[in-house]
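Accompanying notes for the structure given below.
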Amino acid sequence: SASLTHPLLDGLNPQQREAVVHHGSPLLIVAGAGSGKTRVLTHRIAYLLAERDTRPQEILAITFTNKAAKEMKERVDKLIGPRSAAMWVMTFHSACVRILRREAARLGFPSGFSIYDQADSQRLMAMVCREMDLDPKRYPPRSFSAQVSNFKNELIDYETAADRASTHMERTLAEAYKNYQQRLTEAGAMDFDDLIMLTVTLLQIFPDVAEHYRRRWRHVLVDEYQDTNHAQYTLIRELVGTPELRTADGDLVREGTAGVAPAELCVVGDADQSIYAFRGATIRNILEFERDYPNAKTILLEQNYRSTQTILTAANAVISRNENRKPKNLWSDQGAGPKIVGYVADDEHDEAMFVAQEVDRLADEEGVTPGQVAVFYRTNAASRVFEETFIRTGLPYKVVGGVRFYERKEVRDLLAYLRVLANPGDVVSLRRILNVPKRGIGDRAEAMVEAFAARERIPFAEALRRADEAPGMATRSVNAIREFVALLDELTAKAGETPPSMLAQEVLVRTGYRAELENSEDPQDEGRLENLDELISVASEFEEASPEGTLVEFLEQISLVADADQIPEAEGGQGVVTLMTLHTAKGLEFPVVFLTAMEDGVFPHMRSMGEPKELEEERRLAYVGITRAERRLYLSRAAVRSSWGAPSFNPASRFVSEIPSDLVDWRSDPRKNAWTAATARRDPSRTAPARKKAGGRQIPSLKPGDRVTHDQFGLGTVISVDGGNAKIDFGSDGAKTLVLAYAPLEKL
Ligand code: ATP
Ligand code: MG
């Protein structure tokens, strides 16, 4: 076999080299965090291209995010020159979209099918439940949505779901699943789970399609294999072309394809980092790899190149408490490094201030840039307090996840217009924009069109065109609908030859959407205009990157932007602090990491505490968080935290107490409890001089004209102050008189 001194093998240890040059049988690389799994995949790809006569189009590599895919391609190009263009390096979803675009007709979909994200599909499920006259209290559409998603992750179609249903509830769910699926098909749309499931279906029922892709891809590589679910697992098997296929229960489904040798499969993963069980991911896929692929080879990596020994020892101590795992021995030769720093804050504001001041201190004393720092938390909502504090102290930051750009109303409105122009049958988008901006097509008119469509058994879009035939429809509504349809027709006719950015501009002007925001008195509308312009510049960037790109491709790219793709590049400058949930942090690394809100009830999450299985998943999440840190790790918690407006006193996270105490340097008494926190004197350097303090909360001293922010009402302006009360104008929420000692209020 190949020489083990090739330049592409420089900078790899012997096990890593073996994995890079391994030939033939399926290969599993299992190893702890930071041991170079992703690096091995990258080098293996480069090696296949440089040394094994593999052509780029014969390689399919699956990564967890689009950002990771981009990085992998760039690294390959760096190693062996620009050869990655024809290679498929992408997420499961992106790969499936590309296959489905080509083959959609076989499944009865237009090739320009829409992709519904979670919010879209929940809205569609809500429509279906309404049509079925289901009481939303007994049959919550969201729960139906989640259960349908679970079915799809297990490759269970609605017929099978109906066959297996034994209770009334299960039968109702199966019925809703069926109706939901029919509405999707009618709309020419697929939800996220369909992308995987329909690709599997495609490969299973059209042998010629399966054979085409099996002949094409001679190498299939998968990163983060521990987070694949059953549908993704099956997809891989279909693509590789294994000798046979079995169900999750082990029953033989069918024999393999004759004449095509299976592709070489290489997967890497770490069972300790499996954090998506709630989405159907199963570490079974990694634990039973050797059974599923009988001649498989397994390689273990044990040296960690990312973190100091202190950080690794902490991570190992935490994860070793999980019972259902194989013990691992992960070590580092980077030395002990600085101790972990623990901090017990008085409350969440104090915690955020601690982080901000510590980032400043590290910059002054150790030359750390903001871009080298990440702040992790368990739930999205936790970002707000950090954001407010960082804005006040002028620390540049970026939130990954949370209220994402693409979830903002105005952005979704404009995208809905573009989707309808790309796919006139897209009923969810069509109904979203029907009366946006207001054009006199009210709920009543919409309901009449809907009823008319149901009676005539025609799609909603067609019913809209024939609105004049709908009984009882007011002439005014008919005219409004006619104008709307004419506008859409005109824009649709242009959609073919107009670049997406110009089309978006035109939509905003022709619909009056832009004018409405420009003429508005609401200061928030200015921000909305900025967001729309931002979306238009996203389109322009797309056009620059792919001059031949179509509207459908632009929309597709947007649908696939995962949370983790919004991480800013550290472009030359100092970069910005990254705020994100632990779930989005997978696969990443940062010199400095803050793990915040380390409190029982927050992390581990309240929901998981009584459930041993879920607690183990939370512990894996803690392991993921700790192992993102290269040199410095901070663990913080707050003695008092306001949740839903009421103070809660959470004990320290059990994960913190699982870390050997000699590794942690506490900046404040770790036993400090809520009582002492509430009465303790605040470090004067952290407290604005004008503030008094009582009950663990600062009472802001206010005067008329001051700007404040309230946990519930948002931004406001002080109108008057009277003793302990203040009257505050919260804009659209109106003026309110609040007791300063209790109101969750902060002066800006
Ligand atoms: P995770 O489980 O978190 O995804 P991983 O196993 O994929 O981690 P990588 O991200 O590939 O690990 O590697 C971690 C860090 O160690 C990276 O910065 C990588 O460049 C570096 N690294 C990996 N192997 C070596 C090596 N042999 N010599 C030097 N550095 C290495
Ligand atoms: Mg990795």
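The values are calculated or read from the model by the stated rules, or taken from the named source; none is laboratory data. Predicted, not measured: the structure shown is a model, and the values here were computed from it. All Cβ positions, glycine included, derive from the backbone under ideal geometry; neighbour counts span all protein chains shown.
Miscellaneous remarks
- Remark: Ala694 falls outside the filter, which requires a residue to be farther than 26 Å from Asp360 by Cβ, modelled with pLDDT under 75 and either in contact with a Phe, Trp or Tyr (Cβ under 6 Å, 6 or more places away or on another chain) or surrounded by 16 or more Cβ atoms within 10 Å (Cβ to Cβ) (or both).
- Residue ID - modelled with the lowest pLDDT, chosen from residues in the range 582-634 that are of a type in the set (Lys, Arg) and away from ligand 1 (no atom under 11 Å from the Cβ): Arg607
- Residue check: Gly280 meets all listed conditions (1) under 30 Å from Asp193 (Cβ atoms); (2) of a type outside the set (Lys, Arg); (3) in the same structural domain as Glu589 (by TED's automatic domain parsing) but one, namely (3).
- Taking the numbered list (1) in the same structural domain as Asp533 (by TED's automatic domain parsing); (2) out of contact with any Phe, Trp or Tyr (no Cβ under 8 Å at 6 or more places or on another chain) in turn, Val428 passes all entries but (2).
- Selected residue (criterion: surrounded by the fewest Cβ atoms within 10 Å (Cβ to Cβ)) from residues of the range 150-172 that are touching a residue at least 60 places away in the same chain (Cβ under 8 Å) and part of a helix (DSSP H, G or I): Asn150
- Of the residues making up the range 283-316, those that are away from ligand 2 (no atom under 16 Å from the Cβ), among the aliphatic types (A, V, I, L, M) and modelled with pLDDT of 95 or more are Ile311, Ala314.
- Residue within the range 8-18 that is away from ligand 1 (no atom under 12 Å from the Cβ), closer than 26 Å to Thr228 by Cα and touching a strand residue (DSSP E or B) at 6+ places or on another chain (Cβ under 8 Å) present: yes
- Condition check for Val592: crowded, with 18+ Cβ neighbours inside 10 Å and assigned to a strand (DSSP E or B): yes
- Scanning the range 390-405 turns up no residue that is of a type in the set (Val, Ile, Thr), under 16 Å from Ala638 (Cβ atoms) and touching a residue at least 12 places away in the same chain (Cβ under 8 Å).
- Residues within the range 222-240 that are within 16 Å of ligand 2 (Cβ to nearest atom) and farther than 18 Å from Ser274 by Cα, tallied: 0
- Candidates Pro7, Pro82, Pro110, filtered to the one that is away from ligand 2 (no atom under 14 Å from the Cβ), surrounded by 15 or more Cβ atoms within 10 Å (Cβ to Cβ) and farther than 30 Å from Ile319 by Cβ: Pro110
- Just so you know, in the range 258-282 the residues that are under 30 Å from Arg215 (Cβ atoms) and within 16 Å of ligand 1 (Cβ to nearest atom) include one that is modelled with the lowest pLDDT, and it is Ala281.
- Phe144 being more than 22 Å from Ala454 (Cα to Cα) and either of a type outside the set (S, T, N, Q) or assigned to a helix (DSSP H, G or I) (or both): yes
- Any hit, the range 16-35, residues being within 14 Å of ligand 2 (Cβ to nearest atom) and closer than 30 Å to Met197 by Cβ: yes
- Here Ser685 fulfils each of the conditions (1) among the polar types (S, T, N, Q); (2) assigned to a helix (DSSP H, G or I); (3) at pLDDT 90 or above apart from (3).
- Test for Lys78: is it within 16 Å of ligand 1 (Cβ to nearest atom), more than 16 Å from Asp10 (Cα to Cα) and assigned by TED's automatic domain parsing to the domain that holds Glu238: no
- The residue list Ser111, Ser94 contains one member that is part of a helix (DSSP H, G or I), more than 16 Å from ligand 1 (Cβ to nearest atom) and of a type in the set (Ser, Thr, Tyr), which is Ser94.
- Qualifying residue in the range 55-77 (condition: polar (S, T, N, Q), assigned to a loop (DSSP other than H, G, I, E, B) and away from ligand 2 (no atom under 16 Å from the Cβ)): no
- Residues in the range 430-456 that are loosely packed, with under 13 Cβ neighbours inside 10 Å and farther than 15 Å from Arg476 by Cα: Ala447, Ala454, Arg455.
- Residue match in the range 20-39 (condition: more than 10 Å from ligand 1 (Cβ to nearest atom), assigned to a helix (DSSP H, G or I) and β-branched (Val, Ile, Thr)): yes
- Elements of type helices (runs of 4 or more DSSP H) contained in the range 271-322, each with 2 or more residues being buried (at least 20 other Cβ atoms within 10 Å of the Cβ), small (Gly, Ala, Ser) and over 23 Å from the mean Cα position of the chain (by Cα): 309-319
- Pick from the range 596-627, criterion in a strand (DSSP E or B) and under 23 Å from Glu323 (Cβ atoms), ranking: nearest to ligand 2 (Cβ to nearest atom): His605
- Matching residues, the range 275-288, being of a type in the set (Ser, Thr, Tyr) and under 19 Å from Arg237 (Cβ atoms): Thr282
- Scanning the range 182-201 finds no residues that are assigned by TED's automatic domain parsing to the domain that holds Ala263, out of contact with any Gly (no Cβ under 7 Å at 6 or more places or on another chain), within 16 Å of ligand 2 (Cβ to nearest atom) and at negative phi.
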